[in-house]
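Worksheet: one structure, shown below.
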Amino acid sequence: MNNVYKKQSFIYALCVLFLVGCHQYPSLDETYVLSEDSVKAEQMIEEMEPVTHAVAVDHEDSIYVAAEVKHMARFRMKKIRQEAHKKLSEAWPNKTVFFSTDKKAMLELLQLNKEMEEKKMGKKELTQQLTKIEEHMKG
């Protein structure tokens, strides 16, 4: 009886591992083109040495940018954030700039870009989503 239980547990564990491994996570390689400023901000930040990918959303008088940084550059994160924020602020002096290296903020901006491209949200909902993302960027 004990061997049967072990075999069943082993098979169950393999099935769970297989299903988890096959789960589709959002790709960071997807870039959704929404505005000229968004594209310019993404390119500007991606040109920075430790940055591997950036995503941006331009909305009214604000621009939201999140970036993924190489793992070894994490020790210089504060300097990277300051440099990126300064670059963006100089490029858009009349806009409020939000910049983050937080993974959650990046994934939420990617999802927001996708929804905006598919026109699944109105202006009010967009503003609410950006306010929520802004909280992640500040924290």
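The values are calculated or read from the model by the stated rules, or taken from the named source; none is laboratory data. Since we're looking at a predicted model, the values are computed, not measured. Glycine gets a Cβ as well: all are built from the backbone with ideal geometry, and neighbour counts include every protein chain shown.
If the requirement is being over 11 Å from Y64 (Cα atoms) and not in a helix (DSSP H, G or I), which of these qualifies: K120, K86?
Within the list K120, K86, the selection yields K120.
Please name all residue pairs, on different chains or six or more residues apart, with Cβ atoms under 6 Å, provided the first residue is in the stretch 110-129 and is of a type in the set (S, T, N, Q) and the second residue is at pLDDT 80 or above and exposed (fewer than 13 other Cβ atoms within 10 Å of the Cβ).
Pairs found: none.
Tell me which residues, restricted to the stretch 40-61, are surrounded by 15 or more Cβ atoms within 10 Å (Cβ to Cβ) and either free of Cβ contacts under 8 Å to residues at least 40 places away in the same chain or not in a helix (DSSP H, G or I) (or both).
Matches in the stretch 40-61: E42, E46, M48, P50, V51, H53, A54, V55, A56, V57, D58, H59.
Tell me, which residue of the stretch 17-39 that is part of a helix (DSSP H, G or I) and modelled with pLDDT of 65 or more is surrounded by the fewest Cβ atoms within 10 Å (Cβ to Cβ)?
So the residue we want is E36.
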